[in-house]
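The structure under discussion appears below in the form of structure tokens.
What follows is calculated from the coordinates using simple rules that are stated; it is not laboratory data. Note that this is a predicted model, so its numbers are computed, not measured. All Cβ positions, glycine included, derive from the backbone under ideal geometry; neighbour counts span all protein chains shown.
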């Protein structure tokens, strides 16, 4: 028998090991339902600064043009804080705009601006002492 490599063990028998015919490992059955971090947990939508992530307190009124972040003092009426901002779209906006705005992180007067809302975990006020209140708190949204 002619071998290319003369080391012991090269192309020898399996040593009692059997190979699978499919070449794939068996798949484990996973439970059905949502998977991932925090799925099913109470959440709230909030508008956050794109630069520092600080939540911005605002009511139902539209965001003024001269609004700034309370923590980092950056402008809030910018492309990076807009929900239509997309780096892979034309002019980096999902909507049709007439011309490109070059500075995406500086204040602009775009009429199509809508604040980008992000989902976050809702802050809990603590654990209820009463078991019935704890059960009811599971279903409060």
Along each of the three principal axes of the Cα atoms of segment 42-120, give the extent in whole Å, ordering the values from largest to smallest. 36, 28, 23
Work out how much length residue 111 to residue 68 would gain on full extension: take 0.36 nm times their residue separation and subtract the Cα-Cα distance, in nm to one decimal. 13.7 nm
At 7 Å along Cα-to-Cβ for each site, give me the label-to-label distance between residue 57 and residue 88 in nm. 3.8 nm
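Provide 114, 61 in ascending order of the number of other Cβ atoms located within 10 Å of each residue's Cβ, fewest first. Write down the numbers at each step before the final one.
Numbers: 114 14, 61 6.
Arranged by neighbour count, lowest to highest, 114, 61 become 61, 114.
Using the per-residue mean of other Cβ atoms lying within 10 Å as a proxy for protection, in what order, highest first, do the peptides 99-105, 67-73 fall? Provide the component values of the computation, followed by the final result.
Working: 99-105: 11.7, 67-73: 14.0.
Descending packing order for the listed peptides: 67-73, 99-105.
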Ranking 136, 129 by Cβ neighbours within 10 Å, fewest first, what do you get? 129, 136
